[in-house]
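This report concerns only the one structure given below.
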Amino acid sequence: MAPMASSTPVNRVEPTIVPPTNRLLPGANPAPSKAKPPVILASRNEPIGLKASDFLPPAKNNNQPALNDDDALSQIRKGHDTMCVVLTSRQKNLDTVRAVWSSGDIKTSLDSAVTINDLSIIVDILNILNLKPSLWKLDLCTSILPQIEKLLQSKYESYVQTGCTSLKLILQRFLPLIADNLTAAPSVGVDITREERHQKCKACYKQLRNLRNVVKSKAGLVGRHGSAFRELQLLMATLD
């Protein structure tokens, strides 16, 4: 009887698992980073990555000793006097406008605000007028439309919002009146009131035509600003 052949033991080799890497495949493009908004909005739902160090004075060296209490308070107070001057001046201007407003002459109070040449005062007044559309008159439109053009081009979101709201009210309440007056047949005889109204409508129409270019240039924006400008663009379509 032939002897049985002995079997050779077989060693099992476990597969080697290679952990995934973050290396890009050849020809692959890296994921684009989230672009920062060109304008910082007044209200945000998420942080935008502001650095606290950007708002602190630059350090002269890394071994600078810690500030004591007096030095820390001095740093905090920097700019305080300037801000007090700004706020005091603004309050004085608002008191001047309010004194005229209290007399019932809204047009003159608005003209005085325009003369001050401070858009923050204009915004304060418009925020009141926007809440009370019945206060709007054709006289106000001739004074405020050039200021609205400045607000729409401002870098401050709140100024743009106020300007859009005011322009929308003007278009809804006065554009039909302006169009009717400009297309109406000439009156027979002398009608001073009608002639004055015609001149105001003519001035408003010219200002609205200028504003249309600003609105058109911003209608392509995304978000609520773009929606507001596109709505204004639709309302201004009848200016053609």
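The values are calculated or read from the model by the stated rules, or taken from the named source; none is laboratory data. Keep in mind that this is a model prediction, so the values were computed, not measured. All Cβ positions, even for glycine, are placed from backbone atoms using ideal geometry, and neighbour counts span all protein chains on display. Each accessible area value is taken on the protein alone, full model and side chains, heavy atoms only, with ligands, DNA and RNA left out. Shrake-Rupley method; radii C 1.70, N 1.55, O 1.52, S 1.80 Å.
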Can you pull out every residue in the range 169-217 that is open to solvent by 60 Å² or more (accessible area, probe 1.4 Å) and under 15 Å from ALA237 (Cβ atoms)? GLN172, PRO176, TYR205, ARG209, ASN213, LYS216
In a helix (DSSP H, G or I), of a type in the set (Asp, Glu) and at pLDDT 90 or above: is that true of GLU195 in this structure? no
Only residues that are under 18 Å from PRO146 (Cβ atoms) and open to solvent by 70 Å² or more (accessible area, probe 1.4 Å): list them for the range 115-132, please. THR115, ASN117
Show the residue pairs meeting these rules: Cβ distance below 6 Å; 6+ apart or different chains; first residue within the range 87-99 and among the hydrophobic types (A, V, I, L, M, F, W, C); second residue surrounded by 11 or more Cβ atoms within 10 Å (Cβ to Cβ). VAL97/SER109; VAL97/SER112; VAL97/ALA113
Looking at (1) free of Cβ contacts under 8 Å to residues at least 12 places away in the same chain; (2) among the basic types (Lys, Arg); (3) surrounded by 10 or more Cβ atoms within 10 Å (Cβ to Cβ), find the lone condition where ARG77 falls short. (3)
Inspect the range 95-109 for any residue being modelled with pLDDT under 85, more than 28 Å from ARG224 (Cβ to Cβ) and more than 24 Å from the chain's Cα centre (by Cα) and give the result as yes or no. yes
Of all residues in the range 115-160, count the ones that are aromatic (Phe, Trp, Tyr), closer than 19 Å to PHE229 by Cβ and either part of a helix (DSSP H, G or I) or over 15 Å from the mean Cα position of the chain (by Cα) (or both). 1
Counting only residues that are out of contact with any helix residue (DSSP H, G or I) (no Cβ under 7 Å at 6 or more places or on another chain) and assigned to a helix (DSSP H, G or I), which one in the range 218-230 is least open to solvent (accessible area, probe 1.4 Å)? GLY226
How many residues does the range 102-114 hold that are surrounded by 11 or more Cβ atoms within 10 Å (Cβ to Cβ), part of a helix (DSSP H, G or I) and without any contact (Cβ under 8 Å) to a residue 12 or more places away in the chain? 1
Considering the range 133-167, residues that are of a type in the set (Val, Ile, Thr) and free of Cβ contacts under 8 Å to residues at least 40 places away in the same chain, and then whichever is most open to solvent (accessible area, probe 1.4 Å), we arrive at THR165
